[in-house]
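Let me begin by presenting the structure, written as structure tokens, before commenting on it.
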Amino acid sequence: MKTILLTGFEPFGGESLNPSALAMPMLQGRLIAGHRVTTAILPCVFGQSLTLLRREIQRTWPALVICTGQAGGRASLSVERVAINIADATIPDNAGRQPVDQPVVQGGPAAYFSTLPTKTIVAAWQAAALPGAVSHSAGTFVCNHVFYGLMRTLARQPKIRGGFIHVPFLPEQARRLASNAPSLPLDQIVRGLEIAIQTSLTTRLDRRMAGGTIC
Ligand code: PCA
């Protein structure tokens, strides 16, 4: 049976949980559009995260790869459109590494685009009453690093579709912060990822639609 590789990240930046990791056991083994979901949790560490992702791609040989991570402060599920060749960390990763103004890949192209049907995914989220948007920046921390490395790997494997989705804080994380950070319950995050997988497997050409984007 064909496989889908779905990844989340371990907690980072002083948090004790990461919604992208908590969603993984809830989707592990799920059958979606004739494909079996297999999941992995990546370390929030430059380099190691990408090594593990590449190993999982070789092990599972998936038809689709969606990596996910937490974007605290965002109110919507966001499907990232572009990965950039910059690592510029404002905090250390979980191994204490903090690259500043460095390329993800020396000599690599400035950017890679997601090959997910981004606008169609947002339309499907909206139809399911989930907050969703296309994002044009995955940041310059470990998520963008993994996203860039993923798309570089898949550029040589054009049959495998892939991309990155950021998810908001959980309500319990937002409550712990003094500010009024936006959040989304875990069951809605899981439903959103399920919809993104389903849509990616069943949509060949992305639709053109204005709006629904964040920077
Ligand atoms: N979010 C971070 C890294 C891990 C995660 O879940 C980011 O957006 O780069």
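Can you give the helix-only mean residue ellipticity at 222 nm for the chain, where every DSSP H stretch with n ≥ 4 adds -39500 (n - 2.57) and the sum goes over all residues, rounded to the nearest 500 deg cm²/dmol? Before the final figure, lay out each step's value.
Values: 6 runs with 69 residues, N = 215.
That calculation yields -10000 deg cm²/dmol at 222 nm.
If the chain between Arg36 and Gln102 were fully stretched, how many nm would it gain, using 0.36 nm times the residue separation less the Cα-Cα distance?
Fully extending the segment from Arg36 to Gln102 adds 20.1 nm.
Based on the Kirkwood radius over alpha-carbon pairs, what value in µm²/s does the Stokes-Einstein equation return for the translational diffusion coefficient of the chain at 4 °C and 1.567 mPa s? Walk me through the numbers on the way to the answer.
Details: Rh = 17.0 Å.
The Stokes-Einstein estimate is 76 µm²/s.
In the full protein assembly as shown, how much of Lys119 is accessible to a 1.4 Å probe, in Å² to the nearest 10?
30
Ignoring ligands, DNA and RNA, please state the percent of accessible area on the chain from carbon and sulfur, probe 1.4 Å. All intermediate terms of the calculation are to be shown ahead of the outcome.
On the way: 5110 of 9620 Å².
About 53 percent, which is the carbon plus sulfur part of the accessible surface.
Can you give me the accessible area per residue for the range 1-82, using a 1.4 Å probe, in Å²?
Values: 3150 Å² over 82 residues.
About 38 Å² of surface per residue is accessible.
The values are calculated or read from the model by the stated rules, or taken from the named source; none is laboratory data. What you are looking at is a predicted structure, and each value in this text was computed from that prediction instead of being measured. Ligands, DNA and RNA are excluded from the accessible area calculation, which covers all protein heavy atoms including side chains. Shrake-Rupley method; radii C 1.70, N 1.55, O 1.52, S 1.80 Å.
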